[in-house]
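A short reminder: the numbers here are calculations on the coordinates, not readings from a lab. If you're wondering where the values come from, they're calculated on a predicted model, not measured in any experiment. All Cβ positions, even for glycine, are placed from backbone atoms using ideal geometry, and neighbour counts span all protein chains on display.
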Amino acid sequence: MTHYLLFDGIQIMSTALTPTLKAMATFRIYDDLGEEAADVGPILVESDVAVEAWVADPEPRAPLSYAISRLQSDAPLESLGLHLRAIRYLHLTSYEQHFLRYADTRVLTSLMQVLSRPQKQGLLGPIQRWTIKDRMGNNVHHEKSQSESVELPLKLTSAQQLELLRLSRPDQLLAEVIADDSALAEIGSDAERHAWAREALEFLEVHRARSFPYRLAVGSTAVRTSGRALQDPGFARAVVTSLETGVGAESLFTWSPSPVDGLSASQEE
């Protein structure tokens, strides 16, 4: 059994690992699509002392930990790489196909929750065990079963597509929030930020505030206040007032809870 590491190229491309990988035998899953695509796509390499030293270093903390998978397989590097290349597209019921970013373990985590057992076996192919870390830093193993049927290519039903979209929304919201204010990435743990983003989406749905400005404002305020704003009636009233008067979401970015009795500052005044 050979031990491999699979990296998400776009997440590691600016790290110290890049020159190490360039000096090694790797299989770049997008290599057939051009040099630029090869650098940002999945990169497969056999486990090696230099690579393991980088993985063990404090540098690859979250979210870089989401760029690392461990694979065990009897297949040689090229054969395993060709399998990963064959499953790089996700087929939709509209006959469209999209790149499947399985090397981002957040994507893989969501995908594994919606795939049928035969689809999971098709995804694994010659991989006996695919190991990733969850948001709490615990190892999660996806293991091959020799007795189950296999379904390829990976084509999602309408229900699977909707569920995958639902599961991916918190990460999408967090990406938008942190792109707008990078300092918010330092508040709480990654698991906590993900929980606040999920709660923010539920809050937005309840209050029918679905436009991007409100999504960004509520998501940012949820993270900035460590989720407290979502539990404060004053914040809910501020959102409702903003929607009813048409003043926009801008004022929500500066909203803050009062330290007294859980009331908002606007209520105290």
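A simple charge model with +1 on the Cβ of Lys and Arg, -1 on the Cβ of Asp and Glu and nothing else charged puts the dipole of the range 111-269 at about 760 debye relative to its Cα centre.
For the range 113-216, trypsin sites (Lys or Arg not before Pro) meeting the loop criterion (DSSP other than H, G, I, E, B) and having at most 16 other Cβ atoms within 10 Å: R208, R210. Per-residue 3J(HN,Hα) values for the range 10-15, derived from phi via the Karplus relation 6.51 cos²θ - 1.76 cosθ + 1.60 with θ = phi - 60°, read 5, 7, 9, 5, 9, 9 Hz in sequence order (x marks Gly and Pro). Taking all Cα pairs closer than 8 Å and separated by 6 or more residues, the relative contact order of the range 2-156 comes to 24 percent.
Local charge for E143 was computed over the other residues whose Cβ lies under 15 Å away, with Lys and Arg +1 and Asp and Glu -1, and equals +3.
Counted by neighbouring Cβ atoms within 10 Å, the residues I178, I68 run from fewest to most as I178, I68. Pairwise Cα distances in the range 168-268 exceed 19 Å in 35 percent of cases. Can you tell me the 0 to 90 degree angle between the C-alpha axis of helix 233-245 and the longest principal axis of the chain, rounded to 10? That works out to roughly 80 degrees.
Translational diffusion of the range 101-193 was estimated from the Stokes-Einstein equation, with Rh taken as the Kirkwood radius over Cα pairs; at 20 °C and 1.002 mPa s the coefficient is 144 µm²/s. Using a Gaussian network model of the chain whose springs link C-alpha atoms within less than 10 Å, name the residue from G248, G81, G122 with the highest mean-square fluctuation. Greatest mean-square fluctuation among the candidates belongs to G248.
With springs only between Cα atoms under 10 Å apart, run a GNM on the chain and tell me which of G188, G125, G246 wobbles the most. Highest fluctuation among the options: G246.
Taking every Cα-Cα distance in the range 2-156 and sorting them into 10 Å bins from zero, the calculated P(r) comes out as 11, 43, 36, 10, 0 percent.
When each of F99, F253, F7, F212 is scored by the number of other beta-carbon atoms lying within 10 Å, the sequence from fewest to most is F212, F99, F253, F7. Computed about its Cα centre, the charge dipole of the chain is approximately 680 debye, with only Lys, Arg, Asp and Glu carrying charge at their Cβ. The stretch between A50 and A23 holds 8.6 nm of extra length on full extension. This uses 0.36 nm per residue minus the Cα-Cα distance. Normalised by 2.2 N^0.38 Å, where N is the number of residues, the C-alpha radius of gyration of the chain stands at 1.16. Projected over all directions and averaged, the alpha-carbon convex hull of the range 7-92 occupies 6.3 nm².
Of Y102, Y30, the sequence from fewest to most neighbouring Cβ atoms within 10 angstrom is Y30, Y102.
Spin-label point model (7 Å from Cα, Cβ direction): what's the E186 to D32 distance in nm? So the label points at E186 and D32 sit 4.5 nm apart.
Take every Cα pair under 8 Å whose residues are at least 6 apart in sequence, average their separation, divide by the length of the chain, and the relative contact order is 13 percent. The C-alpha atoms of the chain define a longest principal axis, and helix 158-180 lies at about 70 degrees to it.
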